[in-house]
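Each reported figure results from applying straightforward, stated rules to the coordinates on display, with no laboratory input. Since the structure is predicted, the reported quantities are computational estimates derived from the model, not experimental observations. As a convention, Cβ positions derive from the backbone with ideal geometry for all residues, glycine included, and neighbour counts pool all protein chains shown.
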Amino acid sequence: MNILITGATGLIGNELVKLLLSQKHSVNYLTTSKSKIVNKPNHRGFYWNPEQGKIDENCLFNVDVIVHLAGANIAKRWTNDYKQEIIESRTLSSELLYNLIRKTPNKIKHFVSASGTAIYPESDSIVYDETTTETEDSFLSNVVKKWEESADRFQVLGIKVCKIRTGIVLSNLGGALPEMVKPIKMGFGAAMGSGKQMQSWIHIEDLVRMYSFAIDNHLEGIYNAVTPNPVSNMQLTSAIAKTLKKSLFLPNIPKFIMNFLLGEMSYLLFSSKNLSAKKIENLGFKFKFPMIETALKDLYS
């Protein structure tokens, strides 16, 4: 199969490209950095700049599926300007792809878009699944709504749309986990706030396998990319400390301190999302790392 990927040089995209190439797929990818363009028989890069509306139309040649991962990192201080960048990096890139497909002869049948779990209501105890219509009233929830609306437009073109709502991605190469590990390694680890907030997480290997599963099975609709076993912030912090053979002795860090240090972005540390993975499991997807202990052991042992 021929697959076009946006965000292919990011944390998730890089691992997904490796997996798809190992499965003998051909991968085209879009990048805003001309220095990251490679040209191999089954792995080719193409330049684009969504802000300027520029895209190399050759990127669509012989492509069957698009995987849309592009989007500005949410783990940076949320100034008003950066909030706008977070939204536009997702919606402008989708719009650019939509307009190119609409006016260019192509064979694309499937559009698989990254999405986020921030859209779900906050809860420590209620387990939400993909049928949930209630949404949270927050900046990130609004980002997800606009993100998914931009993906849904592709249905007008007769293209199947799949949206992967991703929880906390565990990787030792980037993302949230290394930032959690640092203070624990130095002996200053502690849970955030009450520590009761639920963390719906997924090992990066399972996440890219889920994208591959969605592609191979031509999935449509919304799927939660989280393991069947979410943990509380306290459980996650303790599991990391145990894996690293470190002790936790400091009191929980109050919310107001992190608000002062990080501003509105501190929401990421205290948000509680208790989510179900049954929909994707019922279709036959098997998690390689369903438990937090085995996931952390794989990454840090």
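Listed values, structure above:
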quantity: For LYS160, residues with placed amide H under 5 Å, excluding near neighbours; calculated: HIS110, PHE111
quantity: Pair GLU264, GLU51: separation of 7 Å Cα→Cβ label points (nm); calculated: 2.0 nm
quantity: Principal semi-axes in Å for region 40-182 [√(5λ), Cα gyration tensor, largest first]; calculated: 28, 19, 16
quantity: Binned Cα-Cα distance frequencies in the chain - 10 Å width, integer %; calculated: 6, 27, 35, 23, 8, 1, 0
quantity: Three-way shape call for region 169-301 based on the alpha-carbon gyration tensor, with the a/c threshold at 1.5; calculated: prolate
quantity: Net lengthening on full extension, ASP129/ASN58 (0.36 nm per residue, minus Cα-Cα); calculated: 21.7 nm
quantity: Rounded Å value of the spacing that divides the Cα centres of region 104-162 and region 223-301; calculated: 22 Å
quantity: Other-chain or far-sequence residues with amide H under 5 Å of LEU170's (modelled H); calculated: ILE202, HIS203, ILE204
quantity: Cα gyration tensor category, rounded, prolate or oblate, for region 139-184 with a/c compared to 1.5; calculated: prolate
quantity: Gain in span if fully extended, ASP298 to GLN155, counting 0.36 nm per residue against the direct Cα distance; calculated: 47.6 nm
quantity: Sequence-distant aspartates and glutamates (8 or more away, or on other chains) whose Cα lies within less than 20 Å of LYS255; calculated: GLU122, ASP124, GLU136, ASP137, GLU179, GLU264
quantity: Label-point separation, LYS185 to LYS288 (7 Å along Cα→Cβ), nm; calculated: 2.3 nm
quantity: Exposure proxy ranking, count of Cβ atoms within 10 Å, fewest first, for TRP48, TRP201; calculated: TRP48, TRP201
quantity: Burial ordering of ASP129, ASP137, fewest other beta-carbon atoms within 10 Å first; calculated: ASP137, ASP129
quantity: Sites ASN252 and ARG102, calculated FRET efficiency, Cβ-Cβ separation with R0 45 Å, nearest 0.05; calculated: 0.30
quantity: Estimated distance in nm for a label pair at LYS242 and GLU88, the labels positioned 7 Å out from Cα along Cα-to-Cβ; calculated: 4.7 nm
